[in-house]
Amino acid sequence: MKKLVIAALLASTTFATQAREIRFAMEPSYPPFELTNEKNEIIGFDVDLANAICKEIQASCTFSSQAFDGLIQAVKQKRIDAAISAMDITEARARQVLFTDPYYDSSASFIAVKGKADLNSAKNIGVQNGTTFQQYVVAEAKQYAPKSYASLQDAILDLKNGRIDIIFGDTAVLADMLSKEKDLTFVGDKVTNKKYFGNGLGIAVNKSDKELAADLNKGLAAVKANGEYQKIYDKWMTAK
């Protein structure tokens with residue numbers, strides 16, 4: 001009997017030590033997807049979703065901060081296992097990394113200071129560096145002079161101080177900002193250009209790690225089916 005108990009304990013210990021750890025990275029100044037709280041912890045929609053997925057596939061996950069324009073390279077060099085950072089699935093990125101199934105439908109919008117500028121009068125536009133929003137402005141909105149920022153918080157400061165006229169970014173992220181900045185407003189229509197935004201957001205992993213991608217897809221499907229995804233969505237996404 002003692003041998004059986006010892007064997008069971010050893011088996012459980014072995015299982016625990018073999019539980020997969022998934023190292024996620026993100027750029028944590030992009031609420032509601034990811035942000036840093038007063039305890040310097042990374043929180044947000046992406047963090048809660050990743051934790052829920054890891055729970056379903058019996059893995060542990062850790063989160064680290066990384067500049068957005070360095071995430072793809074970090075995945076390619078296997079310095080991290082996965083990037084989950086409100087990253088749009090695009091053909092250009094898919095040539096470098098392997099994406100999971102989409103976990104969020106994305107669109108883009110413009111914001112400005114109320115009464116200051118519209119899409120016709122604007123000249124200078126703020127975008128986050130390394131994003132599809134930057135790529136879109138450079139290629140498809142050449143009437144504007146783009147200014148890139150490490151984070152949209154920096155762009156907000158320049159917008160309010162008149163150094164740029166409008167900001168272009170993810171609709172959900174901008175809506176979260178507008179809920180805190182009452183002197184800002186949406187201008188123009190949403191942009192859903194399939195080349196840049198219409199394929200949804202995905203988790204990026206190394207192209208060689210097909211097993212990890214399959215596991216993440218399995219976990220994502222499970223949290224969508226059991227209602228956990230909707231709970232996370234309701235927690236972080238305000239009405240648009």
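The values are calculated or read from the model by the stated rules, or taken from the named source; none is laboratory data. Keep in mind it's a predicted model, so treat the numbers as computed, not measured. Using ideal geometry, Cβ is built from the backbone for each residue, glycine included, and neighbour counts are taken over all protein chains shown. When the accessible area is computed, the model is the full protein with side chains, heavy atoms only, and any ligands, DNA or RNA have been set aside. Shrake-Rupley method; radii C 1.70, N 1.55, O 1.52, S 1.80 Å.
Here the stretch 99-114 is the region considered, the condition is being modelled with pLDDT under 95 and part of a loop (DSSP other than H, G, I, E, B), and the residue that is most open to solvent (accessible area, probe 1.4 Å) is D105. The combined condition, being part of a loop (DSSP other than H, G, I, E, B), among the polar types (S, T, N, Q) and within 20 Å of G70 (Cβ to Cβ), is fulfilled by Q96. Evaluate the stretch 145-153: report whether one residue or more is in a helix (DSSP H, G or I), of a type in the set (A, V, I, L, M, F, W, C), within 23 Å of K180 (Cα to Cα) and open to solvent by 10 Å² or more (accessible area, probe 1.4 Å). Within the stretch 145-153, none of the residues are in a helix (DSSP H, G or I), of a type in the set (A, V, I, L, M, F, W, C), within 23 Å of K180 (Cα to Cα) and open to solvent by 10 Å² or more (accessible area, probe 1.4 Å). For the stretch 62-92, the set of residues classified as of a type in the set (D, E, K, R), at pLDDT 95 or above and open to solvent by less than 50 Å² (accessible area, probe 1.4 Å) consists of D81 only.
Scanning the stretch 166-180 for any residue that is surrounded by 14 or more Cβ atoms within 10 Å (Cβ to Cβ), in contact (Cβ under 8 Å) with a residue 24 or more places away in the chain and part of a loop (DSSP other than H, G, I, E, B) turns up nothing. Can you say whether N217 is in contact with a Pro (Cβ under 7 Å, 6 or more places away or on another chain) and either in a strand (DSSP E or B) or more than 16 Å from V113 (Cβ to Cβ) (or both), as far as the supplied structure shows? The answer is no for N217.
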